[in-house]
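I have placed the structure first, in the form of structure tokens, so that the comments after it can refer back to it.
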Amino acid sequence: MVDNPRARKLADRIKVIVAQMIDSRIKDPRLGFVTVTDVRVTGDLQNASVFYTVYGSDEDRDGTAAALKSATGLIRSEVGKQTGVRLTPTIEFHLDSVPDTAAHLDAALIEARKRDAELEALRAGARYAGDEDPYKKPREDDAEAE
């Protein structure tokens, strides 16, 4: 995202407008339980990418994507009315992959904890193959003779 204060302000405003539109004005039955997670606007304020998540199955995600695609014109016109910018940015909807990535990381952490516990159990009954300290050390009587 471009570090442009105007783009950030417009992105925040678009996020609110899109969330309100999804909640109250769009009556598409394909629309699932949608959460708008982020909006990114290019530095020239011409394009806005709206990231969203959908609670439910893959079918719910597909239906929601189709519903948002069909409502893009209505959402864009409302964004133009409420923001008052000279050129209304084009709006693209993207399914946010953060929840899937977080679930994958959680599964990896659970697996790591399980393997750590198995290793700890194996370590509890383990004995050294040789001496406890296998490194050679100078004899004490050699040190006293010097």
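Okay, here's what the table says:
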| read-out | value |
| --- | --- |
| In segment 87-111, the residues that are open to solvent by 60 Å² or more (accessible area, probe 1.4 Å), of a type in the set (Asp, Glu) and modelled with pLDDT under 90 | Asp100, Asp106 |
| Hits in segment 63-72 (condition: of a type in the set (Ser, Thr, Tyr) and open to solvent by 50 Å² or more (accessible area, probe 1.4 Å)) | Ser70 |
| Any strands (runs of 3 or more DSSP E) falling wholly within segment 21-103 and containing at least 1 residues that are farther than 27 Å from Lys9 by Cβ | 33-41, 47-55 |
| Looking only at segment 1-12, and only at residues there that are modelled with pLDDT of 90 or more and buried (at least 19 other Cβ atoms within 10 Å of the Cβ), the one that is nearest to the chain's Cα centre (by Cα) | Ala11 |
| Candidates Gly32, Gly63, Gly43, Gly84, filtered to the one that is modelled with pLDDT under 90 and at positive phi | Gly84 |
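Listed here are the residues, each with its yes/no results for (1) crowded, with 18+ Cβ neighbours inside 10 Å; (2) under 19 Å from the mean Cα position of the chain (by Cα).
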position: Ile14; (1), (2): yes, no
position: Ala19; (1), (2): no, yes
position: Pro29; (1), (2): no, no
position: Val39; (1), (2): yes, yes
position: Asn47; (1), (2): no, no
position: Val50; (1), (2): yes, yes
position: Arg61; (1), (2): no, yes
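The values are calculated or read from the model by the stated rules, or taken from the named source; none is laboratory data. Source: prediction; values computed, not measured. No Cβ is skipped: glycine too gets one built from the backbone with ideal geometry, and neighbour counts run over all protein chains shown. Please note that ligands, DNA and RNA were not included when accessible areas were found on the heavy atoms of the full protein model with its side chains. Shrake-Rupley method; radii C 1.70, N 1.55, O 1.52, S 1.80 Å.
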